[in-house]
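**Student:** Below you'll find the structure I mean.
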Amino acid sequence: MTPGPSDDAPTVWWRILLYLTGVMAGLGVLGLLGFDQGGLAGSASALLLAGTASGWALLRIDGRPPRALGLALRAGAPRELGVGTLVGVALLLPILGLLALAGGFRLGADAGDAATLWSVAAESLLLLTVAAAAEEVLVRGYPLQLLAKAWGPLPALAATSVVFGLVHLGNPGMGWLAVVNVSLAGAFLGILVLQTGSLWWATGAHLGWNWGQAFLADLPVSGLDVVDAPLWEGSLHGALWLSGGEFGVEGSILTAAVMTAAAIWTWTRTGLSPVGPRWWTDEDERFKESKTA
């Protein structure tokens, strides 16, 4: 029987290095094929393909099936993606509502027509789905699985969430509160993944949050203007700690409160498995046996 990943630190870091090397190699090949010529859509697609391929390769080394990555094409996947998307939008709406009451968020009229509106809605939904899936695979796919097995759920969540926050440091308007908020969002998404063993839920929540900001509110997403919604135009006003400023609502103290509450609620709703995420308890009995031996 082929052993799973070792819990010792050198092996963990070598596997992370192998995973990242695989991602970079995949991006290099896809770049040669022209995937980097399509702007955000092309780069997101390349990241998703490279991250998935590298994750599958490492899972094969571990003696585990590709479906263990968390993006298996199964009957329940569309429901998980759809409900997750509604969760992401639902988390955003109270923040926008409170900001509007405080005068920090305003919606004004903009040029456009209904046909353009539906076209932009569909295109932005597709684009942000790919982008969300890419980030989930890269951070909360194989790396979160590996660290959760080696270190346990809490340290794995802390490590991947901090990395998720820090990789946004170069975005416009990024401040210390924004780093904290993105890290908190990473913790919430990581708990979703650990609870369900599925990246579809986290991809949906990530998508709903981003799409709600970009299209429904016509605001920057992590400091980036990725969508220009027709018919309306959103704007943020007031103190940076409340509105988020150039970075968008992800830089607001309200987001810190909502993401903290969401993470705690998700954590306490069912509780994390004492032996780690369901990837191992459901699909790899060897891991369960190693923990009880």
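Quick note: the coordinates plus some simple rules give every number you see, no bench work behind them. Being a predicted model, the structure only gives us computed values, none of them experimental. With ideal geometry, Cβ positions are generated from the backbone for all residues, glycine too; neighbour counts draw on all protein chains shown.
**Student:** With springs only between Cα atoms under 10 Å apart, run a GNM on the chain and tell me which of 119, 198, 243 wobbles the most.
**Tutor:** 119
**Student:** Related question: Work out which helices of the chain, taken as complete DSSP H runs, extend at least 15 Å along their axis over the Cα atoms and score a mean Kyte-Doolittle of 1.6 or more, then list them.
**Tutor:** Going by DSSP H runs, the hits are 77-101, 153-166, 176-196.
**Student:** Sticking with this one: What are the radius of gyration and Dmax of the stretch 166-270, computed over its Cα atoms and given in Å?
**Tutor:** Cα radius of gyration and Dmax of the stretch 166-270 are 14.0, 42 Å respectively.
**Student:** Quick check for me: using +1 on Lys/Arg Cβ and -1 on Asp/Glu Cβ, what's the dipole size of the stretch 73-292 about its Cα centre, in debye to the nearest 20?
**Tutor:** Roughly 860 debye for the stretch 73-292.
**Student:** Decide, for the stretch 158-214, between rounded, prolate and oblate: order the square roots of the alpha carbon gyration tensor eigenvalues as a ≥ b ≥ c, take rounded if a/c falls under 1.5, and otherwise choose prolate if a/b is larger than b/c, else oblate.
**Tutor:** Because a/c hits 1.5 or more and a/b fails to exceed b/c, the stretch 158-214 counts as oblate.
**Student:** Here is a further query. To one decimal place, what orientation-averaged projected area in nm² is obtained for the convex hull of the Cα set of the stretch 52-191?
**Tutor:** Averaging across all directions leaves 11.3 nm² for the Cα convex hull.
**Student:** How big is the C-alpha Rg of the chain next to the rule-of-thumb value 2.2 N^0.38 Å, as a ratio?
**Tutor:** In units of the 2.2 N^0.38 Å rule of thumb, it is 1.02.
**Student:** Also, quick follow-up: How much mean residue ellipticity at 222 nm does the chain get from its helices, if each DSSP H run of length 4 or more adds -39500 (n - 2.57) and you divide by all residues, to the nearest 500 deg cm²/dmol?
**Tutor:** Helices in the chain give a 222 nm mean residue ellipticity of -22000 deg cm²/dmol.
**Student:** For residue 126 and residue 228, compute 0.36 nm times the residue count separating them, minus their Cα-Cα distance, and round to one decimal in nm.
**Tutor:** 35.2 nm
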